[in-house]
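The values are calculated or read from the model by the stated rules, or taken from the named source; none is laboratory data. Note that this is a predicted model, so its numbers are computed, not measured. Note that each Cβ is placed from the backbone with ideal geometry, even for glycine, and that neighbours are counted across all protein chains shown.
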Amino acid sequence: MPLLLEIVTPERLAYSDQVDEVIVPGSEGELGILPHHAPLLAMLGVGELRIKKAATEESFAIAGGFVQVRPDKVVIMAEMADMAAEIDLERAHEARREAERVIETGFHEGADLVAARAALQQALLRIRVAERRHREGPRRRP
């Protein structure tokens, strides 16, 4: 019996489908969620969210927010959630370069150093998830 997964960001519903397993980057480490999981509310960290469905596995770059688990449904409320297949690598590399430049100069046109560090972390995450997806392709489970 699959469970319904919804991934929501402030801008959009990023994903909604029946899945077999969800592996989320929790604030204290990875958390695997299967159907009939005990109810849970936990903080998300920054990392790769993996979705297993039938014989495939898909990935998202995800940052911040919460995961709510019910026996038949998982809701991810994230600040950022980008499907690996949809990440624009060139744009992610440009965001990384810009964040590094702001951090190196320490201050740029009112830029906030904390925001620049967060932008760098998100850019590096997008690059890591997208490059692995491009290198390995969509994963098929045996």
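The table below gives the values:
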quantity: Residue ID - farthest from residue 58 (Cα to Cα), chosen from residues in the stretch 114-142 that are loosely packed, with under 13 Cβ neighbours inside 10 Å and modelled with pLDDT of 75 or more; calculated: 114
quantity: Search result, residues across the stretch 34-74 that are surrounded by fewer than 19 Cβ atoms within 10 Å (Cβ to Cβ), under 22 Å from residue 84 (Cβ atoms) and of a type in the set (Lys, Arg); calculated: 52, 53
quantity: Criterion: more than 25 Å from residue 3 (Cβ to Cβ), in a helix (DSSP H, G or I) and either among the basic types (Lys, Arg) or more than 17 Å from the chain's Cα centre (by Cα) (or both) - qualifying residue of 99, 118; calculated: 99
quantity: From the options 24, 19, 8, residue that is of a type in the set (A, V, I, L, M, F, W, C), crowded, with 17+ Cβ neighbours inside 10 Å and under 26 Å from residue 118 (Cα atoms); calculated: 24
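Every residue, every condition in (1) without any contact (Cβ under 8 Å) to a residue 60 or more places away in the chain; (2) out of contact with any helix residue (DSSP H, G or I) (no Cβ under 9 Å at 6 or more places or on another chain), yes or no:
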| residue | (1), (2) |
| --- | --- |
| 3 | no, yes |
| 10 | no, yes |
| 17 | yes, yes |
| 28 | yes, yes |
| 31 | yes, yes |
| 63 | no, no |
